[in-house]
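The values are calculated or read from the model by the stated rules, or taken from the named source; none is laboratory data. Since the structure is predicted, the reported quantities are computational estimates derived from the model, not experimental observations. Note that each Cβ is placed from the backbone with ideal geometry, even for glycine, and that neighbours are counted across all protein chains shown.
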Amino acid sequence: MPEQAQKTSGSPTPEVRDFLRRRREQIAQRWADEPLFRSVFTVSRDEAVEAGKSVVDALAQVADAERVEDPDAAGFAAVREQLARMGAARSRAGLSTGQVSTELAALRPPVENLLLSDLQGASADHTRASVTVLNVLMGTLRVVVMQTALSEGQSLIDRQRLQLLEVATPVIKLWDGIVAVPLIGTLDSARSQVVMETLLETIVEQQARHAILDITGVPAVDSLVAQHLMKTVAAARLMGAECIVSGIRPAIAQTMVHLGLDLGNVVTRASLADALGYVLHQLGVGIVTPGPNGAVPR
């Protein structure tokens, strides 16, 4: 009879810790065949086994600190990144949060069966207490994985949102030394900040002397966004570029007037074409249009 099975008193947590360390290899081998590990670690089964051992070591460390109910226990730190990759991989495979949780729950029975095997001959109370500790520990592991996966998912959403903002805010080179930002859709503070950063970076890269902010496609702006636009104009000026705002709608013009924004130093034009014409004139470039008797200067 195993020595640990004869113990029927004292806290079961240290015994669960010892069990995890003693049965580390067997637990990892059984986990390697579970869907969560088998579908994530596809290079080789040995890879899945090693990953399982890391998780068992983390659980043993948490049990050693007697923090089996604490998802923030230091023992989880070493495998938190690994657990996040596992949860994210299953999510990318199309599994819902509930399905990932179910796969995590499937890790408990193999460990519990091994523990019950070691506890043969122990009292019912001791067995029940030890299994309870193990179940709490495995439940905490599920919490850690789900928390980490959700955090990683939110980080991914934030990165994708920023990428979409950048894609939706292109800076176009119209001429040597002339760039334009055609804005379409609703402007909020986050997108306004991206506009400023992208425009300033392009001014430096293109050594632009003139920048056109065209807001023809913007239906409305609030006070904060209007102030962002004015700050963008001022920042471009500090970078050595003149910033022209074109396409201001009547409603937006009224908003700016009601806000008391000083537009005295801001060059505005009715359309992007007018703004481009103004800049070309500033550069001494003439514009001609074809006519029946030849080109006609504009």
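Among the residues of the range 164-173, what is the count of those that are surrounded by fewer than 17 Cβ atoms within 10 Å (Cβ to Cβ) and either in contact with a Pro (Cβ under 9 Å, 6 or more places away or on another chain) or at pLDDT 80 or above (or both)?
3
With the structure loaded, tell me whether R159 is surrounded by fewer than 16 Cβ atoms within 10 Å (Cβ to Cβ), among the charged types (D, E, K, R), under 30 Å from A84 (Cβ atoms) and at pLDDT below 90 or whether it fails that test.
yes
Checking A65 against (1) closer than 23 Å to L116 by Cα; (2) aliphatic (A, V, I, L, M); (3) surrounded by 15 or more Cβ atoms within 10 Å (Cβ to Cβ), only one condition comes out false. Which one?
Unmet for A65, out of (1) closer than 23 Å to L116 by Cα; (2) aliphatic (A, V, I, L, M); (3) surrounded by 15 or more Cβ atoms within 10 Å (Cβ to Cβ): (3).
I'd like the full set of residues that are assigned to a helix (DSSP H, G or I) and over 20 Å from A63 (Cα atoms), limited to the range 112-133.
A124
Given the conditions (1) part of a helix (DSSP H, G or I); (2) without any contact (Cβ under 8 Å) to a residue 40 or more places away in the chain, and given that I248 satisfies all but one, which numbered condition is not satisfied?
The failed condition is (1).
What's the number of the only condition in (1) free of Cβ contacts under 8 Å to residues at least 24 places away in the same chain; (2) closer than 19 Å to V145 by Cα; (3) of a type in the set (G, A, S) that A28 fails to meet?
(1)
Sort through R45, R90, R85, R67 and tell me the only one that's more than 15 Å from G139 (Cα to Cα), free of Cβ contacts under 8 Å to residues at least 24 places away in the same chain and not hydroxyl-bearing (S, T, Y).
R45
Would you pick out the residues in the range 93-111 that are part of a helix (DSSP H, G or I) and either surrounded by fewer than 20 Cβ atoms within 10 Å (Cβ to Cβ) or among the charged types (D, E, K, R) (or both)?
Residues satisfying the conditions are T97, G98, Q99, S101, T102, E103, A105, R108, P109, P110.
Can you tell which of T127, T132, T148 is among the hydroxyl-bearing types (S, T, Y) and surrounded by fewer than 16 Cβ atoms within 10 Å (Cβ to Cβ)?
Answer to the selection: T132.
In the set A208, A275, which member is assigned to a loop (DSSP other than H, G, I, E, B), under 13 Å from A180 (Cβ atoms) and modelled with pLDDT of 90 or more?
So the residue among A208, A275 that is assigned to a loop (DSSP other than H, G, I, E, B), under 13 Å from A180 (Cβ atoms) and modelled with pLDDT of 90 or more is A208.
What's the total number of residues in the range 240-269 that are modelled with pLDDT of 90 or more and loosely packed, with under 15 Cβ neighbours inside 10 Å?
1
Pick from the range 89-146 the residues that are within 21 Å of E66 (Cα to Cα) and polar (S, T, N, Q): which of them is farthest from the chain's Cα centre (by Cα)?
Looking at the filtered set, the residue picked out is T127.
Would you call K231 surrounded by fewer than 22 Cβ atoms within 10 Å (Cβ to Cβ), in a strand (DSSP E or B) and either under 27 Å from the mean Cα position of the chain (by Cα) or at pLDDT 85 or above (or both)?
no
State all residues of the range 39-88 that are modelled with pLDDT of 90 or more, of a type outside the set (A, V, I, L, M, F, W, C) and within 20 Å of Q26 (Cβ to Cβ); if no residue qualifies, say none.
R45, D46, E47, E50, G52, K53, S54, D57, Q61, D64
From the list R85, R90, R38, which residue is among the charged types (D, E, K, R), surrounded by 21 or more Cβ atoms within 10 Å (Cβ to Cβ) and farther than 22 Å from L115 by Cα?
None of the others qualify; the one that does is R90.
Within the range 112-120, identify whether any single residue is free of Cβ contacts under 8 Å to residues at least 40 places away in the same chain and either surrounded by 14 or more Cβ atoms within 10 Å (Cβ to Cβ) or under 18 Å from V143 (Cα atoms) (or both), and answer yes or no.
Yes: one or more hits.
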